[in-house]
1. At 1.4 Å probe size, put 699, 237 in order of accessible surface, largest to smallest.
2. Arrange the peptides 431-438, 449-456 so that the one whose residues have, on average, the most other Cβ atoms within 10 Å appears first.
3. Around residue 654, under 15 Å between beta carbons, what's the net of Lys plus Arg minus Asp minus Glu among the other residues?
4. Multiply the residue gap between residue 51 and residue 1 by 0.36 nm, knock off their C-alpha separation, and tell me the result in nm, one decimal place.
5. How large is the charge dipole for the stretch 91-233, taken about the Cα centre, if only the Cβ atoms of Lys, Arg (+1) and Asp, Glu (-1) carry charge, to the nearest 20 debye?
6. When a/c reaches 1.5 or more, the comparison of a/b and b/c decides; with that in mind, is the stretch 37-125 rounded, prolate or oblate per its Cα gyration tensor?
7. Would you check the accessible area of residue 617, probe 1.4 Å, heavy atoms only, in square angstrom rounded to 10?
8. Taking the Cα centre of the stretch 678-760 as origin, sum charge times position over the Cβ atoms of Lys and Arg (+1) and Asp and Glu (-1), and report the length of that vector in debye to the nearest 20.
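The values are calculated or read from the model by the stated rules, or taken from the named source; none is laboratory data. It should be emphasised that the depicted structure is a prediction, and the values quoted were computed from it without experimental measurement. A quick note on method: Cβ atoms are made from the backbone with ideal geometry, for glycine too, and the neighbour counts reach across all protein chains shown. These area figures cover heavy atoms from the full protein model, side chains too; ligands, DNA and RNA do not enter into them. Shrake-Rupley method; radii C 1.70, N 1.55, O 1.52, S 1.80 Å.
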Amino acid sequence: LLNVMGGMDSFDKGSLNVSGTNILKYRSSVLDSLRAEHVGMVFQNYYLLPKETVQENIALTLRMIGIHDEAFIEKRIKTLLSAVNMANFERRKANQLSGGQQQRVAIARALAKDPKIILADEPTGNLDAKNTLEVMRLLKQISKNKLVVVVTHERRLAKHFADHVVEIEDGKIVATSENETEKTIDLTGETDIFLDDFSKQTVLENENDQVKLYSDQKNVPLKARFIIKNKTLYLDIEEGGIDKVVRLDGHAEMTLHEGKRSDARQSAVEAVDAFEDEGLPSNLERTKRKSINYLAVVKTTFNRLLEATRGQKMLFIGFALGAMLIAYAFSSVFNILSIDDADFVEWPQATIEVQFDDDYEAFKALQEHESINSLGITTIHHQARLDMPTLFVGGYMESPTASLRLAPVSLLTSRDIMMGRAPENAFEVVIDREWAQQNILRNRTFVARGVDTLEALMKETFIVEQGELLVSFDIVGISNTGAPVVYSTEAAKMFLQSTILPLESYEAHIDISRGRMIEAPTEIVLPDSLVNPTMDIENGHTMIYNGIERTVVGVYAIEDNGEFIDPNSPIMMLDDIAEIVFTRTMSGYTVRHVYADDVEAARAHLTSLGIDHAYLYETEREIYRNEVLRDAMPSLIFSFFAIGATALSVYFIIRASMLSRIYEIGVFRSLGVKKGDIMKRFALEAIIMTTVSSLIGFIAMTYIIASTNRALGEFVSVGHVSVFSVAVSIVFIYTINVISGVFPVFMLVRKTPAQINTRYDI
């Protein structure tokens, strides 16, 4: 009943009405506040925190109700302790006090918050007669201004001190009455011996010795001899009137008192009337409730860590190692989640790969759709090769070389060009920064030649070799599209991937030695090496070239300037080159590129035409992601178990700590400390343990990964490390550890305070 009245236990039916507040159902938040602010609990077992001082035990209840002025707290505690005759005991630890002293401190703690109600659960059950009297008279005095409800099995206490008596038997009220007795009390028992109630006879008295005989009976024969030898008293009693001899010392049940038993009864009555109230201020100024002294929790936790056993310290080292695995796992996860385009992109993002089996005209018709920017006339397998003169590097003769992936310059915008300008003719190109990084600036032979920066690259003229054709290109710009390609005009792309030379690119570099220059698409001029004496060039010699009848109208000699050397290539007009290149580059490969301005619209258009296609950006990203995931999977699986093992270890450590401190938790809950505040205490412990173990291991591994990444440069990424990834990983570690640590506490505090106290025998 007292537990229900104090909000420490639930009830099945009925209601609890406290100062006009009617409570129909147990709600811990409501009843915790009620108990913390308006009800002072005095327990049979005191429920003091044994390792805390008297002051800290009382201050706890003041902080619970929002009083944080330390000067006020200290002053009020002194007043309270003076009122319960415990002045100057505030620095004494609770486990250094006697039972009566502890109970008086418990009463002072209950009074500290100026409650409306005092509930006392057998407050004298563990006290001797003297302390029982002191505690009961104190409660009686308190009852002048507050409602005091005392549960006791001793009827004599009720008859002497109570104003109203409710008798309960087997869980039912059997009687209620107003107490109108004379309110006298006899706290003495059979074990108390009052010497003045006995007849006294002096047997021996001299300067050194005194022997007196006290007896409650007459004519009891006593024949005894006292022998003292080596400071040992030997008592020789003849059989007769004495049945038993008991030595009265600290272990004896009997207690000697001077005076008469009736005098002791009378002094108890006078003591109650003589007790004076010290006067305690009420209407306390309260702010936000805060029952946790976080600084004290931190100090206590660090002390526990310093006192940890060798096995516990090894466990903390295990936490650090586990956190290192977690760091590696998270860096791998972020490596997957934050894939950089540079890791997998090989073509511009606008590139769609198509499987095209139809003729050139059908393919060219695709460009008529508004979503498509340009077409890749050649198959994706055709690439050019960039070469530089051979030089001596590292003890070997090496030729700097790199493959060129060509993309149409029409894909570039002015914002894409970070250095230089766009190409203006077929012999100018823009190299993307990503291509330059991968193929030039990381190539030791190019670097040995002095091409180690983008600025140095811009000054170079490169010779591109395609078959027997050598063509020089000027790098006029550096783009920043993220695609490792070289942007060029369609003309450049075509003659680099065909043995047919476009007229518009070569017209300024050839000399017509016979006949004339091309004037129509069906006309062709041949190099000297391909002309035999039987050809009638002047009268229009005809020949089938690329399946079309063409008229040879001239013979040319190419400038021998080291830039354009191809003795076997005819020259035609550009309009025919596209179809020729499309046809000649088939060779069993039908996969080509479509470059889109609107990828989704272009894909929808290709689907409507029944053309198989794939968006290369998505395809390459998925392939790369799967490769990274496959490589990282073993470490992820291992790290998953490490996370589980760490969380489980934290759970058992906190649980062990909780089990050893259930008494403390029971005290907090009994006083009205909220469940959330208790969980915060243990959460703070988990945070501190994580900081001195897991966090250290995590930081160490993160540093190793970051250092390895710097050492390897951009060639290989061991794991992704960034401010965001580190922050997320740390939050994850703390969250897992705190949840694991708080969970057992959460399961405990779900029970009512009474259930905690009963189940764990507090």
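1. The ordering from most to least exposed comes out as 699, 237.
2. 431-438, 449-456
3. +3
4. Difference between extended and current length: 15.0 nm.
5. 820
6. oblate
7. 50
8. The dipole magnitude comes to about 500 debye.
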